[in-house]
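I have placed the structure first, in the form of structure tokens, so that the comments after it can refer back to it.
The values are calculated or read from the model by the stated rules, or taken from the named source; none is laboratory data. All of these numbers come straight from a predicted model, not from anything done at the bench. No Cβ is skipped: glycine too gets one built from the backbone with ideal geometry, and neighbour counts run over all protein chains shown.
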Amino acid sequence: MPIDVQTRYSPGWWMDRLFTKLYQRRRQQRLRLLADIYCGNPPLPIGAENVREMYIAFQKLARSNYAQLAVAAVSERMTPVGFRTAADGGAVGDKLAAQIWKRSGMPVTAADVHDMMLNLGEAYVIVGPVDEETGAPVVTAEDPRTIIGEPHPVNPMRLRAALKVVRDDIEGEDRAYLYLPGEVWVARRTATYAARSLGSIGVTWSPRAWDWAPERSGALGFNRLPVVRFLNKDQMGEYEAHQDLLARINHQTLQRLVIATMQAFRQRAVKGLDDVDEETGEEIDYSDLFVMDPAALWQLPAGAEMWESATVDLRPILDGVKADVQEFGAVTRTPMTMLQPSGVNQSAEGASLQREGLIFKTQDRIDRTSLPWSQVMALSFLQAGEPARADLSRLETLWASPARLSLSERADAASKAGNDIPRRIRLIDIWGYTPERADELESEWDEQELREAQIAAAAQTPDPTAPAPAAPPVLPSLDGLAAPAVTDEGEGLI
């Protein structure tokens, strides 16, 4: 029975609408291009089209993956460390939230989400039921090439519906998961053997070719959409606006390789030779005469002159590529220490300014992802049966500082803070420890202080098993003795 796509707001209507948006050709081409650039497979630089097949291998040598560095510079500084909830709004966050975060494998999932968001401009997270082995919800990072959401017209941070399409090679079928508030609808179709891959654009949609799978569909147990969307600034990748600059870097690198390869050996020539043999009148073939052999000896006529080409100075091309790389670092706020090893030789003031720009940029991305991560954690609490903690009005994401300070800088800041800042807060905000690790350190400090107090008390309390000290000797009384006196005759006793 074909799926009904005519009734407005019905599951079939939503699926038809989202399928069209998901596999819109321009969207898929854009995402595929950004993914290729990030994976080190950007479009080849312009070369000799007439020998393109032979030239491709040479062109690939000219590609550099600066796009991945621009993404990693921000992603590596985005680290959620906890959540404050209605049940525990302390400075170090809710301990149950930290346990769910860790058991769900969210440290790795969060890094994947940030990479996709910063690379493709958007990313998605699906919060599934509780896993029997880990006891925590299954949270997955979703590629925008296979999933799409319909934002709410009033609040774009929330989704009204979402669609995810997968191909199961084992079952030999395509499945489409439609997520609506409080429910999920699953449709499927048989995938032919010849179409086991999604293809260049994706799965085709036809209401007559798909059927509902009621055994996979059902209610979620809460009236929320289990899909959260993460959007980057301007819904673009970090380097998307600078693809021409990356292409220019690869093009200049290709020209350098061409020049270096074509002129790897010096070219030699002989000037002043006759083209025709005077005796025979035939054209002279010098290719057999001037053989490149270590034992070859050339006999030149009088007046002939040897010529040898000079090596080309590639330094201007190298300097041009370095200038383009520096420009890319400036427009993307990526430190030169990441783009070029020689960037470590820049001045301390210049390095500080570059790091400051990167911190401002990272803080902006942290602000944009704080609410989505709170939504993810709220859905995790709902799946785990903790509705009291799922109150978004009192759920806040805690982040590690994007400023990665050195050990000496942290020690200096901690010593200057002194007792003005509680020790636990110093461990988290200055030393950069996670709340869980801060709790462990505080427990170890408490145990150490208790042991020291016990040792001090034991040193002051006498041991009842020790032998009693010897009594001091008793001196004879002086009451019966007369005091010595001095007379005129001399010393004597009275």
ask   = Across segment 357-404, which residue is nearest to Val227 (Cα to Cα) among those that are surrounded by fewer than 21 Cβ atoms within 10 Å (Cβ to Cβ) and among the basic types (Lys, Arg)?
value = Arg368
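Kindly indicate which of Asp439, Asp391, Asp412 is at pLDDT 80 or above and more than 29 Å from Val125 (Cα to Cα). Talk me through it step by step, then tell me what you get.
On the way: Asp439 fails: at pLDDT 80 or above; Asp391 fails: more than 29 Å from Val125 (Cα to Cα).
Answer to the check: Asp412.
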Residues of segment 238-285 that turn out to be more than 17 Å from Ser64 (Cβ to Cβ) and not in a helix (DSSP H, G or I), as a count = 23
query = Applying the selection to segment 36-55, what residues are part of a helix (DSSP H, G or I) and modelled with pLDDT of 75 or more?
reply = Asp36, Ile37, Tyr38
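For segment 294-308, enumerate the residues that are assigned to a loop (DSSP other than H, G, I, E, B) and exposed (fewer than 10 other Cβ atoms within 10 Å of the Cβ).
Restricting attention to segment 294-308, the residues satisfying the condition of being assigned to a loop (DSSP other than H, G, I, E, B) are 294-304.
Of everything in segment 294-308, those that are assigned to a loop (DSSP other than H, G, I, E, B) and exposed (fewer than 10 other Cβ atoms within 10 Å of the Cβ) turn out to be Pro294, Ala295, Ala296, Leu297, Gln299, Pro301, Ala302, Gly303.
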task = Starting from residues that are in contact with a Phe, Trp or Tyr (Cβ under 8 Å, 6 or more places away or on another chain) and of a type in the set (A, V, I, L, M, F, W, C), keep the ones in segment 405-431 and report whichever is nearest to Arg224 (Cα to Cα).
result = Leu427
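Tell me which residues, restricted to segment 124-158, are within 16 Å of Trp185 (Cα to Cα) and of a type in the set (A, V, I, L, M).
Restricting attention to segment 124-158, the residues satisfying the condition of being within 16 Å of Trp185 (Cα to Cα) are 126-129, 147-150.
Within segment 124-158, Ile126, Val127, Ile147, Ile148 meet the criteria.
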inquiry  = Looking at segment 83-102 only, could you name the residues that are modelled with pLDDT under 90 and surrounded by 24 or more Cβ atoms within 10 Å (Cβ to Cβ)?
reply    = Gly93, Asp94
inquiry  = For a quick check of your reading of the model, give me the residue pairs whose first member lies in segment 151-178 and is more than 28 Å from Asn232 (Cβ to Cβ), whose second is in a loop (DSSP other than H, G, I, E, B) and at pLDDT below 90, with beta-carbon atoms closer than 6 Å and at least 6 apart or on different chains.
reply    = Asp169/Arg196; Gly172/Ala191; Glu173/Ala191; Asp174/Ala191; Asp174/Val203
inquiry  = For Thr311, only one of the following conditions fails: (1) assigned to a helix (DSSP H, G or I); (2) modelled with pLDDT under 90. What is its number?
reply    = (1)
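Out of Val312, Val258, Val291, I need the residue that is exposed (fewer than 12 other Cβ atoms within 10 Å of the Cβ) and over 30 Å from Thr362 (Cβ atoms). Which one?
On the way: Val312 fails: exposed (fewer than 12 other Cβ atoms within 10 Å of the Cβ); Val258 fails: exposed (fewer than 12 other Cβ atoms within 10 Å of the Cβ).
Checking each option against the conditions leaves just Val291.
Based on this model, can you work out whether Gly121 counts as on the phi > 0 side of the Ramachandran plot and modelled with pLDDT of 95 or more?
Details: on the phi > 0 side of the Ramachandran plot: yes; modelled with pLDDT of 95 or more: yes.
Here the answer is yes, as Gly121 does meet what is asked.
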message = Scan segment 92-99 and tell me whether some residue there is more than 20 Å from Asn232 (Cα to Cα) and under 21 Å from the mean Cα position of the chain (by Cα).
response = yes
inquiry  = Here's a check for you: in segment 210-235, which residue that is touching a strand residue (DSSP E or B) at 6+ places or on another chain (Cβ under 7 Å) and charged (D, E, K, R) is farthest from Leu118 (Cα to Cα)?
reply    = Asp211
